[in-house]
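The values are calculated or read from the model by the stated rules, or taken from the named source; none is laboratory data. Predicted, not measured: the structure shown is a model, and the values here were computed from it. Note that each Cβ is placed from the backbone with ideal geometry, even for glycine, and that neighbours are counted across all protein chains shown.
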C-alpha cells in the first residue's frame, strides 16, 4: 500500500511538512554508480522525493505527528535524507508535545549510501 494511501486510511487529516531543499542529486555520498538514476526512477514511479513522509495529523480524534514510509521508493530504505525527515518528525513531536505515530514499511538501511545509511539508525534512535 502506498504511503499516502496508508495515511488516508488512518488519519482524519494530514498536513505534510516538507524539508528545506530539493531532492538529492547525483550518485550519493559514496558515488555508487547508478544510484541517482535509481532514485529518479523511484520518484517517477511513486511521486515521492524520498522514502519517508512526515507531518501533522489527527488519528482517532487526537492530534499527532505522523511518519509514513513509502516502500515503493527503494524499498522504503533509510538513507541520509530519510534520516533528516525522521529526525525532523521527532523534533516536531517534541516541540509540540504530541505523540508520534509511525506507519513503517521499510527494507532497512540503504546500501548505496554505505556507512552513512547505517548511522541514520543511531540518529533516529537518538532523536526518539
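For the reader, a short list of remarks on this structure follows.
- Of the residues 82, 68, 44, 57, the single one that is closer than 17 Å to residue 121 by Cα and at pLDDT 95 or above is 68.
- Whichever residue in the stretch 101-120 is in a helix (DSSP H, G or I) and in contact with a strand residue (DSSP E or B) (Cβ under 6 Å, 6 or more places away or on another chain) and, among such residues, is farthest from residue 49 (Cα to Cα): 118
- Restricting attention to the stretch 35-66, the residues that are buried (at least 16 other Cβ atoms within 10 Å of the Cβ) and more than 24 Å from residue 114 (Cβ to Cβ) add up to 9.
- At least 2 residues being touching a strand residue (DSSP E or B) at 6+ places or on another chain (Cβ under 6 Å) is the threshold, and among the helices (runs of 4 or more DSSP H) wholly inside the stretch 1-100 those reaching it are 3-10, 80-96.
- Test: residue 63 is more than 15 Å from residue 124 (Cβ to Cβ) and modelled with pLDDT of 95 or more: yes
- Applying the condition of being loosely packed, with under 13 Cβ neighbours inside 10 Å and farther than 20 Å from residue 88 by Cα to the stretch 9-20 and asking which residue is modelled with the lowest pLDDT yields 12.
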